[in-house]
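One structure is given here, and the rest of the page talks about it.
The values are calculated or read from the model by the stated rules, or taken from the named source; none is laboratory data. What you are looking at is a predicted structure, and each value in this text was computed from that prediction instead of being measured. Please note: Cβ atoms are built from the backbone with ideal geometry, for glycine as well, and neighbour counts cover all protein chains shown. Just so you know, the surface numbers come from the protein's heavy atoms only, side chains and all, with ligands and any DNA or RNA stripped out. Shrake-Rupley method; radii C 1.70, N 1.55, O 1.52, S 1.80 Å.
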Amino acid sequence: MTMSPSIVVVALNLLLFLADAALATEPAHFLGVSYGTLGDDLPPPHVALELARSAGAAAVRFYDSNATLLAAASSSGLGFVPGVPNELIPSLSASRRAADAWVASTLLPFRRNPRLRYLFVGNEVLSDPTTKSRWSQLVPAMANLHRALRRHGLGRVKVSTTLGMDALVGQNVFPPSAGVFRPDIVDVAVRPLLAFLERTESYLFVDTYTYFTWTANHTVVPLPYALLEASKFRYHDPGTGLSYTNLLDHMLDAVVAAMCGAGHCGVKLALAETGWPNAGDLDQFGANVRNAATYNRNVARHLASGAGTPRRPGMMRMPAFVFALFNEDLKGGPGTERHWGLFYPNSSAVYEVDLSGRRTAASSYPPLPPATNDAPYPGKLWCMTKKLANGTAVREQVAAACKDEAALCDPVRPGGRCHLPDTVAAHASYVFSAHWNRFSKQYGGWCYFAGLAVETTIDPSHGSCRYPSVIPG
Ligand SMILES: *[C@@H]1O[C@H](CO)[C@@H](O)[C@H](O)[C@H]1NC(C)=O
Ligand SMILES: *[C@@H]1O[C@H](CO)[C@@H](O)[C@H](O)[C@H]1NC(C)=O
Ligand SMILES: *[C@@H]1O[C@H](CO)[C@@H](O)[C@H](O)[C@H]1NC(C)=O
Ligand SMILES: *[C@@H]1O[C@H](CO)[C@@H](O)[C@H](O)[C@H]1NC(C)=O
């Protein structure tokens with residue numbers, strides 16, 4: 001017997017309906033991984049997605065909507081989260097038609113894929129004061145996309161955006177009950193955002209890194225607390241009387257406190273990013289394979305347990321993403337920035353991890369290398385030009401550094417204490433060290449210089465030429 005085409009269509013639709021229904025009853029919790037692509041040596045998408053799966057990831061999160069990557073993710077069987085780039089927010093907020101067109105051209109191919117469940121509109125938009133005009137455009141863009149998704153049969157897709165912890169005043173989480181949104185964003189963006197998320201039953205996605213809070217405060221906050229390791233340490237919140245056993249719950253509850261303070265206690269919370277760097281420069285501490293593996297394994301176990309946070313017990317059924325799939329060599333900034341990966345670009349694992357959270361006993365993993373840099377480097381550091389660095393590029397970096405503060409470069413000018421030896425590399429090493437010394441405690445001051453510089457413990461000073469140094473910690 002052959003079925004008529006219309007019966008085939010009905011049967012097909014029934015199957016799709018059943019697939020949708022099965023997914024709808026799945027627990028809302030899953031742990032995925034961020035598939036960042038800022039590397040010039042990353043494997044092709046099908047390999048990357050297989051690696052994500054091998055690490056137990058249930059989903060991958062993208063920072064844009066590259067059609068090739070979305071198509072590969074869609075056929076991988078993993079969940080996948082596209083991102084709307086920040087630059088598109090003005091046009092998508094201004095016009096429903098633009099939002100319709102974006103959804104039609106970008107997401108319509110995946111209409112039948114029930115594993116497309118979330119869309120992130122912008123990334124840490126409220127962290128960027130140089131594009132303040134987007135703050136008020138964020139929620140209108142989200143609303144236009146939400147409407148467009150429904151029009152195109154994608155109503156199941158929850159629209160959200162990601163917030164950095166700097167959405168809180170002073171990034172302060174001590175105590176958690178003191179968490180409060182910055183006054184410069186609360187009316188223009190945060191309240192409308194929370195109202196939108198509440199109305200559409202979506203989640204507030206936050207980027208929560210215990211690593212940064214711990215490094216900023218490592219003399220007071222114990223490392224096991226930041227790594228979600230069992231220890232006797234408890235943090236008592238005098239505002240609520242609640243007691244905390246780990247810094248992740250602690251930080252999430254600070255966001256809950258801020259939401260309640262803004263009048264929207266009911267919004268669900270989710271994690272767009274969390275993680276721990278597996279390596280870094282000499283002036284960064286605590287960034288190593290032992291800590292990264294320990295943190296991500298513990299997060300997987302903790303989220304899978306459904307324990308929730310002290311403020312929301314049992315409520316931790318939430319989507320979450322570990323940052324990141326790969327170490328990404330094209331990222332700027334401190335060395336840690338290029339070392340968040342579960343995998344090296346050559347596809348070998350930095351350490352074993354099962355993000356599904358099913359592997360609970362630490363003993364079920366092979367032993368980890370000991371941590372060697374859990375405290376700040378105790379001596380001085382200098383910033384030197386890398387051997388064999390491209391001379392033209394080095395000159396450009398020196399020119400840019402001297403532009404930041406001309407006086408830094410006086411010693412290498414003719415007649416200056418550090419003019420000799422008169423080579424590009426020697427001048428650059430002096431300028432890099434001086435610039436790093438001047439700006440290391442501020443944003444933008446790393447020993448990086450487009451990857452042309454490297455930290456050293458050996459004082460390069462000679463004669464009357466003393467190189468400025470940096471003391472970590
Ligand atoms: C999309 O990703 C693929 C695979 O990584 C890459 O080759 C391509 O250049 C990207 N396309 C765009 C428009 O960014
Ligand atoms: C460090 O921790 C203490 C409490 O343990 C807190 O009072 C202080 O604000 C924290 N500092 C930072 C920068 O987080
Ligand atoms: C992959 O790269 C890492 C880091 O560079 C290296 O330690 C490791 O030996 C490489 N693995 C293979 C199989 O080449
Ligand atoms: C050296 O750097 C310059 C300026 O950044 C660049 O244009 C050039 O292609 C580089 N040369 C090599 C061999 O990488």
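Things to note:
- Extension gain for Ser363 to Gln442 (0.36 nm times residue separation, less C-alpha to C-alpha distance): 24.3 nm.
- Partners of Lys268 within straight-line reach, counting aspartates and glutamates whose Cα lies under 20 Å from its Cα and excluding those fewer than 8 residues away in the same chain: Glu26, Glu124, Asp166, Asp187, Glu198, Glu201, Asp207, Asp249, Asp253.
- For the range 101-129 versus the range 279-330, the spacing of their alpha-carbon centroids is 24 Å.
- Distance from the C-alpha centroid of the range 376-395 to that of the range 231-263: 41 Å, rounded to the whole angstrom.
- Extension gain for Phe233 to Thr219 (0.36 nm times residue separation, less C-alpha to C-alpha distance): 3.7 nm.
- Taking the charge dipole of the chain about its Cα centre, with +1 at Lys and Arg Cβ atoms and -1 at Asp and Glu Cβ atoms, the residue from Val299, Val412, Gly261 reaching farthest to the positive side is Gly261.
- In the full protein context, the chain carries 44 Å² of accessible surface per residue, based on a 1.4 Å probe and ignoring ligands, DNA and RNA.
- Compactness relative to 2.2 N^0.38 Å, alpha carbon Rg of the chain: 1.07
- Extension reserve of the Glu396-Glu50 stretch, reckoned as 0.36 nm per residue once the Cα distance is removed: 120.6 nm
- P(r) histogram, all alpha-carbon pairs of the range 170-309 included - 5 Å bins from 0, percent: 2, 9, 18, 22, 19, 14, 10, 5, 1, 0
- Cα-projected label distance for Arg317 with Arg111, points at 7 Å along beta-carbon direction, nm: 3.0 nm
- Ranked by the mean number of other Cβ atoms within 10 Å of their residues, highest first, the peptides 266-278, 75-87 fall in the order 266-278, 75-87.
- Derived scalar couplings between HN and Hα for the range 273-288 equal 8, 8, x, 8, x, 8, 6, x, 7, 4, 8, 9, 10, x, 8, 7 Hz in order, rounded to whole Hz, by the Karplus curve 6.51 cos²θ - 1.76 cosθ + 1.60 (θ = phi - 60°), x for Gly and Pro.
- FRET E, pair Tyr344, Ser91, Förster distance 41 Å, beta-carbon r, rounded to 0.05: 0.60
- Packing, as the average of other Cβ atoms within 10 Å across residues, places the peptides 92-98, 389-395 in the order 92-98, 389-395, highest first.
- Of all DSSP beta bridges in the chain, antiparallel share, percent nearest 5: 30 percent
- Length-normalised contact order for the chain - Cα pairs under 8 Å, 6+ apart - percent: 14 percent
- Calculated mean residue ellipticity, 222 nm, the chain: -10000 deg cm²/dmol, from DSSP H runs (n ≥ 4) at -39500 (n - 2.57) each, averaged per residue and rounded to 500.
- Straight-distance candidates among the lysines for linking to Lys380, with alpha-carbon spacing under 16 Å and chain neighbours fewer than 8 residues away dropped: Lys441.
- Computed from the C-beta positions of Ile458 and Arg147 and an R0 of 45 Å, the FRET efficiency is 0.15 to the nearest 0.05.
- Sites Lys403 and Thr372, calculated FRET efficiency, Cβ-Cβ separation with R0 51 Å, nearest 0.05: 0.85
- At least 18 Å along the helix axis (C-alpha) and Kyte average at least 0.0, DSSP helices within the chain: 5-24, 247-261, 424-439
- Burial order of peptide ranges 325-331, 32-38 (average beta-carbon count within 10 Å, highest first): 32-38, 325-331
- Hypothetical label at Thr423: residues of the range 439-458 whose amide nitrogen lies under 19 Å (7 Å Cα-Cβ projection): 452-458
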